[in-house]
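Peer 1: Provided herewith is a single structure, encoded as structure tokens, for subsequent inquiry.
The values are calculated or read from the model by the stated rules, or taken from the named source; none is laboratory data. All of these numbers come straight from a predicted model, not from anything done at the bench. Note that each Cβ is placed from the backbone with ideal geometry, even for glycine, and that neighbours are counted across all protein chains shown.
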Amino acid sequence: HRSPNAGWPEAATAAALGLALAGPRRYRGALGHDPYINATGRRQATPEDVRHALRLYLGGWTLLLILAAATGGLVLALR
């Protein structure tokens, strides 16, 4: 993927949803020939895919907050 920041999470999301993301697309009328991420996945997203992606996003944030709270509590306990 040309974006080093987006490649890893985009690949994980594509695999989790079973979708082929990125791929050929148009920017300002010019066709870009980028490869698909998860090329064996479905090429048509549905509204349910969007809901599933949002659940993954919220689950990731929830896990991050739990880990941050646990780590913060551990740091306070060690003081």
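Peer 1: Just checking, which of 40, 13 is under 16 Å from the mean Cα position of the chain (by Cα) and among the polar types (S, T, N, Q)? I'd like the intermediate steps shown before the answer.
Peer 2: Values: 40 fails: under 16 Å from the mean Cα position of the chain (by Cα).
Selected residue: 13, the only one of 40, 13 that is under 16 Å from the mean Cα position of the chain (by Cα) and among the polar types (S, T, N, Q).
Peer 1: Within the set of pairs 6+ apart or on separate chains, which have a first residue in the stretch 30-56 that is at positive phi and assigned by TED's automatic domain parsing to the domain that holds residue 14, a second that is among the aliphatic types (A, V, I, L, M) and assigned to a helix (DSSP H, G or I), and C-beta atoms under 9 Å apart?
Peer 2: So the pair list comes out as 38/11; 38/14; 38/15; 38/17.
Peer 1: Quick one: in the stretch 19-59, which of the residues that are in contact with a helix residue (DSSP H, G or I) (Cβ under 8 Å, 6 or more places away or on another chain) and part of a loop (DSSP other than H, G, I, E, B) is surrounded by the most Cβ atoms within 10 Å (Cβ to Cβ)?
Peer 2: 38
Peer 1: Next up: Looking at 62, 13, can you tell me which residue is surrounded by 10 or more Cβ atoms within 10 Å (Cβ to Cβ), in a helix (DSSP H, G or I), touching a residue at least 24 places away in the same chain (Cβ under 8 Å) and β-branched (Val, Ile, Thr)?
Peer 2: Within the list 62, 13, the selection yields 13.
Peer 1: Return the residues of the stretch 25-79 that are more than 18 Å from residue 12 (Cα to Cα), basic (Lys, Arg) and modelled with pLDDT of 90 or more; say none if nothing qualifies.
Peer 2: none
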